[in-house]
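The values are calculated or read from the model by the stated rules, or taken from the named source; none is laboratory data. Note that the structure is a prediction, hence the values are computed from the model and not measured. Every residue, glycine as well, gets a Cβ built from its backbone with ideal geometry; the counts of neighbours run over all protein chains shown. Surface accessibility is based on the protein's heavy atoms, side chains included, excluding ligands, DNA and RNA. Shrake-Rupley method; radii C 1.70, N 1.55, O 1.52, S 1.80 Å.
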Amino acid sequence: YAPFFSAMGCAAATVFACFGAAYGTAKSGVGISVMGVMKPDLIMKCIIPVIMAGIIGIYGLIVSVIMS
């Protein structure tokens, strides 16, 4: 059973990290849209959460590779 559960753990790390990154990117996109309407001069500060959400997805991929 060990190979099966290790493969499932790697898959779960990748899937959940990428779902979290997609959710974070979607929520940040809504925030960027709102900020673009209300305060357009602060748009560049709103880009940081999108970058951080992408880093979370990459982190999940790295964890799954290390686990394998």
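On the stretch given as region 26-68, residues that are among the hydroxyl-bearing types (Ser, Thr, Tyr), under 16 Å from the mean Cα position of the chain (by Cα) and more than 30 Å from PRO3 (Cβ to Cβ) total 1. Candidates in region 1-51 are the residues that are among the hydroxyl-bearing types (Ser, Thr, Tyr) and in a helix (DSSP H, G or I); of these, the one that is most open to solvent (accessible area, probe 1.4 Å) is TYR23.
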